[in-house]
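Have a look at the structure below, then the notes.
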Amino acid sequence: VRKQSQITAFFSLG
Amino acid sequence: MLELRLVQGSLLKKVLEAIRELVNDANFDCSATGFSLQAMDSSHVALVALLLRSEGFEHYRCDRNLSMGMNLNNMAKMLRCAGNDDIITIKADDGSDTVTFMFESPNQDKIADFEMKLMDIDSEHLGIPDAEYHAIVRMPSAEFARICKDLSSIGDTVVISVTKEGVKFSTAGDIGTANIVCRQNKTVDKPEEATVIEMQEPVSLTFALRYMNSFTKATPLSETVTISLSSELPVVVEYKIADMGYIRFYLAPKIEE
């Protein structure tokens, strides 16, 4: 099963 | 006080058409560097980053950093009232809750100003680290748009795989499957027609086609598109904007559970 990841999982809040 | 005069006003019209489907409301940031925007779609799956450098404007006055919240559909409505050859000037006073778009026809016989209400937008600004990409594909933007459109009539997701053989776009759906391979092709009449693949190592990632199709709304901005891929990193789909800057779309991959 492929799950849609979120962009916020890769880039830090800055 | 902010006053930005863009002779090639059509660029701003195209920028709005490129992002308004993905993002509803966004803050435009104005600084000495330029006019920029970073915004996520409502599902936080994709991110758009725009930069129009100050040097690209005929006149660029920005006394202090300013962030202007705008509804992109409303902004697009106003910019659609500008002619394609019009010069567009963006004006705002410090502390004002409006922005003015001024449109001048090339021979100065028609001048219009449209004032739009600004809005307060709470947006999270993400830090995007520099990444080494496993593969970078540059290809004609119209070709990429055609591929995304064609595949989305078959399936919902696209697998983008880069190998020494070329770049492969694959999908599968209820009616069947589709694979489109583009080989490196540098022997073309014009450099913008080339497909160029720089590969450090093979990479294969899966993405939602709905977002890819939305990114291709930026096709009128650039003859070429650059797709940067690394394992388990968001893909970067970049359209250069003449000598002024870029619009970059980042899309999170689908990940095996």
What does the charge add up to near B:LEU151, with Lys and Arg as +1, Asp and Glu as -1, over the other residues with Cβ less than 15 Å from its Cβ? +1
Grab every C-alpha pair in the protein assembly as shown, bin the distances at 5 angstrom width from 0 up to the longest one, and report whole percents. 1, 6, 12, 16, 18, 15, 12, 9, 6, 4, 1, 0, 0
Expected unfolding gain across B:ASN84-B:ASP97 under the 0.36 nm per residue rule, minus the alpha-carbon gap, is 1.9 nm
Fewest to most Cβ atoms within 10 Å: B:ARG138, B:ARG53 sort as B:ARG53, B:ARG138
Report the one residue of B:LEU22, B:ILE175, B:GLY69 whose Cα lies farthest in the direction of the positive end of the charge dipole of the protein assembly as shown (charges on C-beta: Lys and Arg +1, Asp and Glu -1; origin at the Cα centre). B:ILE175
In the range B:133-257, with Lys and Arg counted as +1 and Asp and Glu as -1 at Cβ, which of these residues, B:ILE160, B:PHE215, B:SER228, has the Cα nearest the positive end of the dipole, that is, farthest along it? B:PHE215
Only helical DSSP H runs with n ≥ 4 go in: add -39500 (n - 2.57) per run for chain B, normalise by residue count and round the 222 nm mean residue ellipticity to 500 deg cm²/dmol. -4000 deg cm²/dmol
hull vol. (C-alpha, convex hull) per residue for the range B:53-160, Å³ -> 218 Å³
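Among B:VAL225, A:VAL1, what is the fewest-to-most ranking by other Cβ atoms within 10 Å? Present the calculation step by step, with values, prior to reporting the outcome.
Working: B:VAL225 24, A:VAL1 6.
If I rank by nearby Cβ atoms, fewest first, I get A:VAL1, B:VAL225.
Rounded to the nearest 20 Debye, what is the dipole magnitude of the range B:38-186 about its Cα centre when Lys and Arg each give +1 and Asp and Glu each give -1 at the C-beta?
So the magnitude is around 780 debye.
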Rounded D (µm²/s) - chain B, Kirkwood Rh over Cα pairs, Stokes-Einstein at 25 °C, 0.890 mPa s: 126 µm²/s
Principal axis box of the range B:165-257, alpha-carbon based, largest edge first, Å: 42, 30, 27
Convex hull per residue volume in Å³, alpha carbons only, for the range B:152-206: 94 Å³
Can you find, among B:MET1, B:GLN38, B:LEU11, the residue farthest towards the positive end of the dipole of chain B? Put +1 on the C-beta of Lys and Arg, -1 on that of Asp and Glu. B:LEU11
Point-charge dipole on Cβ atoms (K/R +1, D/E -1) for the range B:1-115, about Cα centre, debye to 20: 240 debye
Rg/Rh (Cα only; Kirkwood hydrodynamic radius) as it applies to the range B:176-217: 1.03
Of the listed pairs B:LYS168/B:LYS240; B:LYS13/B:LYS186; B:LYS190/B:LYS254; B:LYS77/B:LYS168, which have alpha-carbon separations greater than 30 Å here? B:LYS13/B:LYS186; B:LYS190/B:LYS254; B:LYS77/B:LYS168
Summed over the other residues with a beta carbon less than 10 angstrom from that of B:SER222, with K and R at +1 and D and E at -1, the charge totals -1
Unit charges on C-beta of K, R, D, E only; dipole of chain B, Debye: 640 debye
What aspartates and glutamates could a cross-link reach from B:LYS110, if we take a straight Cα to Cα line under 15 Å and drop same-chain neighbours fewer than 8 places away? B:ASP85, B:ASP86
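Only the coordinates and a few stated rules stand behind these numbers; no lab work does. Computed from a predicted structure; not experimentally measured. No Cβ is skipped: glycine too gets one built from the backbone with ideal geometry, and neighbour counts run over all protein chains shown.
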